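Beneath this line is the structure, given in structure tokens, with notes to follow.
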Amino acid sequence: MIIRLKKQVINILKVLKKKPSEVIATDLAKELKIDYIVLMSAINDLIEHDLGYFKEEEVYQISLNDEGIDYLNNGLPERQLLNILLENNIKELSLDDFLERSHLDRNIFYVGISNLKKKRWIAQSKASGENKVFITAEKFPKTVLERFLQKFKENPTLERSLLSKDELVQLDLLNKRKLVKKNNRTERIINLTEKGKKIDISKIKELEQVSKITSEMLSSGSWKNYDLKPFDVTKPGPLLKAGKLHPMIKLINEIREIFISMGFTEIRGPIIESAFYNFDALFQPQDHPAREMQDTFYLSNPEVAKLPEQDRVKAVQETHENGGDSGSRGWGYDWEIDTAKKTVLRTHTTSTTIRRLAKFYRNNEKPPVKVFCIDRVFRNEKLDKSHLAEFTQVEGIVIDDNVTLCDLIGLLSEFYRKLGFKKIITRPGFFPYTEPSMEVSVYYDKLGEWLEMGGSGIFRPEVTYPWGIKDPTRVLAWGQGLERIAMLYFDRDDIRDLYINPIKWLRSQPY
Amino acid sequence: MPTLELKLERLEKLVGKKLEIKDLEYDLQWIGLDLEDVNVEEQKVKVEYNPNRPDYSSPEGIARALKGYYEIELGIPSFEITPGEIELYVEPIVKKVRPYIVCGVVRNIDLDEDEVATLMTIQEHLHWAVGRDRKKVAIGVHDLDKIKPPYRYTAVKPDSVSFIPLHGDGYPMNLEEILLIHEKGIEYAHILEGKEVYPIIFDSNDEVLSFPPVINGIITTVTDETKNLFLDLTGTDFKAVNLALNILATTLADMGAKIESVKVNYKDGEKIVTPNLTPEKWEIDINYLNEYIGLSLSSKEVIKCFNKIRFDAKQSNKKGYLDVWVPAYRGDIMHIVDFTEEFAIGYGYEKLPLTIREGCIGEYHPIQSFSNKIRTIMIGAGYLEVLNFILSNSDRQYNYMRQEYLEKDHVQILNPVSKEYNTTRTTILPKLMETLLYNRSEEKPLRIFEVGDIILLDSSEETGTKREVNVSAVSYHEFADFTEIKSTLDFIMTSLGFIKEYEVKPSENPSYINGRYGDIYLKGIKIGEIGEIHPEVLLNFKLEFPVAALELNLQKII
């Protein structure tokens, strides 16, 4: 049978055949300058053809620790001490002076002294009353231990299995003096089988390199005869044109989840709205600047909307004119029904909130009612970096008995905490349809600054009384533009980007 | 929101306390002011105030509030008004055009440069915040010593009176000419539009003080030498003219001037004396305040809160109630609920505790949940989601798509700031074509979708329109064709469980290629359209490859 191997495997086989004995895989990889993984996959090919094998062996390696390296360079303490005596031609020295001159640690000093004594190179005597040492030998050859230590000079790590019996004794000594450290690891030892040693390289055929596996190769089994070309796995792949949600939708869904988790139900209302629901029912006087043409999109088709039941329209009219039954003085002007009938593109989702209050009234509902709305609103503005004519508003409403401003602060903290802002402050603010009113700011860790988020407050009695919601039943409300949060989340500084769909950006958005 | 520049040095003098910019930055927010800008070098700050507080339109007004916040002065500030002898007569004819006037006299003014500047800005701000750009209130400031009382507020035929107006060419003009030629006349002519007679104020020598709300006569010009002022405030709202006068007078009093009252005699009615700075008294339930905010303060503590925001307050004869007096420069108190906020500001928003109330189970809106289901399906089909405006441009929405556009059949915006938007969308597809246009150089295939609102005219609806939700998808690349988009539609219908119940009937649509278009039906109802886009449409959107598209109405499927 003809043996077919990849070109690289053949080359490795050639190298192995020239080696006198088994080789350690990591050494061979280093020698061939190839990746260890690549080498082992080649060895696996050899194993498949019964040309080679490997075994795993635990390798004990020894190297010197810092102290050992110090002695390797400067001599063992006994040698250092001896040199002091020899170099200064000292025959006898008091132990205390010796310690001082040696600059050695007291313990190490005594280890050195004790080893010199064991060698009988020095002796110690208290004869003169003082504890002194004397040189007692004439020659001071290199010790076996010192010679063994020198082995580390050539090779910082020694393999335990390659040491002789005598060397092992010396290693034991170093070990006892705590001068070595041991590393154990598993090495693969590669060797050729008898077949591998004998095989004639010229009889081996090279596998053809291909980049793709075809279904034919698989069914016929011919894939074995090909070498699959390796890929550069570090390279980026081509762009995947996959489906993905728009970041704004993900954000909206996230906020929707937050509301649902806080017990709020989602509401939805008309985008084209009557001025009645958009302004009048919010106690915005008919000459209020916000109602003017330059701020609001009015429609010429359809030009007017139908108003709700007459008595409710009248109730709203009265709050404007004289406060009605709300206890207010009203604005004191003549309210015009035609102004209320005008159609507008709603300027806030609060118009939908009012419709919810109206439903509460009509169905004779009981509190509590908690609702929210995340939806499009419109302002008659020219588009620029920070202004849109159409954007998304987030609004939350609670209708309940005896609810307080402090309850509203509680809701706001909870809502913004869930959005990822741990600290909020609420400051006095002004909105025509809430009293008291609060501005909300959150602390944004990333920038380390306070950011204004939105408005909040308790709906004025002039707003709720026409819908039968009377003290101590009150309506807490808060709202803000979603784009403000979106710009932070997506790190954009041009608000228009959120609605012009740069595909490159959409495809690359992590969020 | 109106903004005001404050010099630290001046504010310190008014408040009577050393102030640091960084402290101000913190403190101002608790009295309802927003710090817009800080100029450390020049020791100036710029603050923004809310339109319900026109009394914040001068450093003097802000200092009043700060003094309360720092507890330097509590309760209503005292202002002395000397009863004056000067009179003004109001003739009944003005009722038709500008019915109300109130006046005041200011003596011994000695204004420094900053104070003169304040006097100018405060007028500007009051015109805006209280006066609705002079429609509701217009202010005239005159040199008292150049005119001879008593004065007369009346109305005259436009061409019957001539005088030399301020900021004119120095020639006399009649009222009609002023409205036609004079800069201020042109600006404010709309307020007098359609009126037969125009308001005017004369002195007893028939010299013209003012032609409100347009321009003063040159004769009363205020100069460096002016020692005494005459103020006139005319308008259409009695409360508003009084409020503006009170704010102006108290500010001038805070500058050290002497305020003197004027007798305003309506010939057919009341004789009043203005400015009238008498505080207004309200009776407030202490429990109501505490329950509204969520506190439980004693009456003594509540009184302190009111004193800090410069209201007077004391125990009422009625048990559990307070008598609270509101200073005459505050115009925003119209309901007892307005005291809850004042109380909370006096207590300090920063000190309010937070409480958590439980209850209620939340629910998704069905159409939103269904929209999300469709989004999941579209992503599974490999489509990238985009978002567009509901606002739309009829040219691209219809003409580019080869669809007929009749104004009567579509929502029409009356007053768009930009011509870009003149209607709202009825289908999403044209928006996706536009998205392809902007992204046509991106790596293809481009497969995008949008789920969103459309608006349809419907006279049976309350608002004359109905709002529905559509999904549209387009595929744009060299090999995009009907088969591809049909596979997508089949996938959507399979995912929704309608694969056996839906059908595509061959039909025609000008936006699509004939023979490669069909109407989509579900249980006999048309729910959408599918096909290959017409080459002319492709060219209109500057595209160079075919587009296969579909659009479904979710309202009809849900």
Next on the checklist: Take the conditions under 28 Å from B:Leu489 (Cα atoms) and more than 7 Å from chain A (Cβ to nearest Cβ) and apply them to B:Asn388. Does it pass?
Outcome noted: no
_Any residue that is in contact (Cβ under 8 Å) with a residue 12 or more places away in the chain and under 31 Å from the mean Cα position of the chain (by Cα) - is there at least one of those in the stretch B:80-87?_
no
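For the stretch A:31-48, which residues satisfy the criterion of being hydroxyl-bearing (Ser, Thr, Tyr) and farther than 17 Å from A:Phe231 by Cβ? Lay out the reasoning, then the answer.
Step one: list which residues in the stretch A:31-48 are hydroxyl-bearing (Ser, Thr, Tyr), which gives A:36, A:41.
Result: A:Tyr36, single match.
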Worksheet item: Can you find even one residue in the stretch A:301-310 that is touching a residue at least 24 places away in the same chain (Cβ under 8 Å), in contact with a helix residue (DSSP H, G or I) (Cβ under 8 Å, 6 or more places away or on another chain) and closer than 21 Å to A:Phe430 by Cα?
Response: no
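Quick one: is A:Ile255 more than 8 Å from every other protein chain (Cβ to nearest Cβ) and within 19 Å of A:Gly396 (Cβ to Cβ)?
Against the criterion (more than 8 Å from every other protein chain (Cβ to nearest Cβ) and within 19 Å of A:Gly396 (Cβ to Cβ)), A:Ile255 qualifies.
A quick yes/no check of all residues on (1) in contact with a helix residue (DSSP H, G or I) (Cβ under 8 Å, 6 or more places away or on another chain); (2) in contact (Cβ under 8 Å) with a residue 40 or more places away in the chain:
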site: B:Leu8; (1), (2): yes, no
site: B:Glu20; (1), (2): no, no
site: B:Ile31; (1), (2): yes, yes
site: B:Glu36; (1), (2): no, no
site: B:Glu48; (1), (2): no, yes
site: B:Val90; (1), (2): no, yes
Practice prompt. Inspect all residues belonging to the stretch B:156-165 and state whether any of them is assigned to a loop (DSSP other than H, G, I, E, B), in the same structural domain as B:Asp237 (by TED's automatic domain parsing), touching a residue at least 60 places away in the same chain (Cβ under 8 Å) and closer than 20 Å to B:Asp145 by Cα.
Written response: no
Within the stretch B:275-305, of all residues that are without any contact (Cβ under 8 Å) to a residue 12 or more places away in the chain and among the hydroxyl-bearing types (Ser, Thr, Tyr), the one farthest from the other protein chains (Cβ to nearest Cβ) is B:Ser298
Original post:
Is it true that some residue in the stretch B:392-406 is over 28 Å from A:Pro247 (Cβ atoms), surrounded by fewer than 22 Cβ atoms within 10 Å (Cβ to Cβ), of a type in the set (A, V, I, L, M) and facing another protein chain (nearest Cβ under 8 Å)?
Top reply: no
TODO: Go through the residues of the stretch A:226-235 one by one and say whether even a single one is closer than 30 Å to A:Trp478 by Cα and touching a residue at least 24 places away in the same chain (Cβ under 8 Å).
DONE: no
In the stretch A:426-441, residues that are more than 7 Å from every other protein chain (Cβ to nearest Cβ), surrounded by fewer than 23 Cβ atoms within 10 Å (Cβ to Cβ) and assigned to a strand (DSSP E or B) total 2
Filtering the stretch B:356-371 for residues that are part of a loop (DSSP other than H, G, I, E, B) and either aromatic (Phe, Trp, Tyr) or more than 32 Å from the chain's Cα centre (by Cα) (or both) leaves a count of 9
Of the residues in the stretch A:48-65, those that are among the hydrophobic types (A, V, I, L, M, F, W, C) and within 14 Å of A:Lys6 (Cβ to Cβ) come to A:Leu51
Evaluate the following for A:Lys470: is it within 29 Å of the chain's Cα centre (by Cα) and in the same structural domain as A:Gln317 (by TED's automatic domain parsing)? no
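Please find, within the stretch B:306-342, the residue that is nearest to the chain's Cα centre (by Cα) out of those that are assigned to a loop (DSSP other than H, G, I, E, B) and without any contact (Cβ under 8 Å) to a residue 40 or more places away in the chain.
As a first pass, look at the stretch B:306-342 and keep what is assigned to a loop (DSSP other than H, G, I, E, B): B:309-311, B:316-320, B:327-336.
Checking the rest, the ones that are also without any contact (Cβ under 8 Å) to a residue 40 or more places away in the chain come to B:316-320, B:334-335.
Values: B:Ser316: 38, B:Asn317: 41, B:Lys318: 40, B:Lys319: 41, B:Gly320: 38, B:Met334: 20, B:His335: 21 Å.
Looking at residues that are assigned to a loop (DSSP other than H, G, I, E, B) and without any contact (Cβ under 8 Å) to a residue 40 or more places away in the chain, I get B:Met334.
Yes/no per residue for (1) small (Gly, Ala, Ser); (2) over 25 Å from B:Lys13 (Cα atoms):
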| site | (1), (2) |
| --- | --- |
| B:Lys46 | no, no |
| B:Arg53 | no, no |
| B:Tyr56 | no, no |
| B:Glu60 | no, no |
| B:Ala65 | yes, no |
| B:Ile81 | no, no |
| B:Leu88 | no, yes |
| B:Glu91 | no, yes |
| B:Val97 | no, yes |
Of B:Ile345, B:Ile272, the only residue that is more than 10 Å from chain A (Cβ to nearest Cβ), of a type in the set (A, V, I, L, M) and not in a loop (DSSP other than H, G, I, E, B) is B:Ile272
### Task
Would you be able to say whether some residue in the stretch B:62-76 is among the β-branched types (Val, Ile, Thr), assigned to a helix (DSSP H, G or I) and either free of Cβ contacts under 8 Å to residues at least 40 places away in the same chain or crowded, with 23+ Cβ neighbours inside 10 Å (or both)?
yes
*Within the stretch A:81-90, is even one residue in contact (Cβ under 8 Å) with a residue 24 or more places away in the chain, more than 30 Å from A:Phe231 (Cα to Cα) and under 54 Å from the mean Cα position of the chain (by Cα)?*
no
Selection from the stretch B:516-558 of residues of a type outside the set (D, E, K, R), modelled with pLDDT under 95 and more than 46 Å from the chain's Cα centre (by Cα) yields B:Gly524
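Return the residues of the stretch A:255-309 that are in a strand (DSSP E or B), of a type in the set (Asp, Glu) and over 29 Å from A:Ser328 (Cβ atoms); say none if nothing qualifies. Can you show your working first?
Filtering the stretch A:255-309 down to residues in a strand (DSSP E or B) leaves A:265-266, A:272-274, A:298-301, A:304.
Checking the rest, the ones that are also of a type in the set (Asp, Glu) come to A:266, A:273.
The one that is in a strand (DSSP E or B), of a type in the set (Asp, Glu) and over 29 Å from A:Ser328 (Cβ atoms): A:Glu266.
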Inside the stretch B:432-485, the number of residues satisfying the requirement of being in contact with a helix residue (DSSP H, G or I) (Cβ under 7 Å, 6 or more places away or on another chain), of a type in the set (Val, Ile, Thr) and outside any strand (DSSP E or B) is 0
(1) assigned to a helix (DSSP H, G or I); (2) within 29 Å of B:Arg53 (Cβ to Cβ) all hold for B:Pro213 apart from (1)
Taking the stretch A:442-486 and keeping only residues that are out of contact with any strand residue (DSSP E or B) (no Cβ under 9 Å at 6 or more places or on another chain), at pLDDT 95 or above, surrounded by fewer than 22 Cβ atoms within 10 Å (Cβ to Cβ) and within 14 Å of chain B (Cβ to nearest Cβ), one is left with A:Lys470
Subset of the stretch A:201-220, residues at pLDDT 90 or above and either touching a Phe, Trp or Tyr at 6+ places or on another chain (Cβ under 7 Å) or closer than 17 Å to A:Leu5 by Cα (or both), comes to A:Ile213, A:Met217
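The values are calculated or read from the model by the stated rules, or taken from the named source; none is laboratory data. In this text, all values refer to a predicted model and were calculated from it rather than measured experimentally. Positions of Cβ are backbone-derived with ideal geometry, glycine not excepted, and every protein chain shown enters the neighbour counts.
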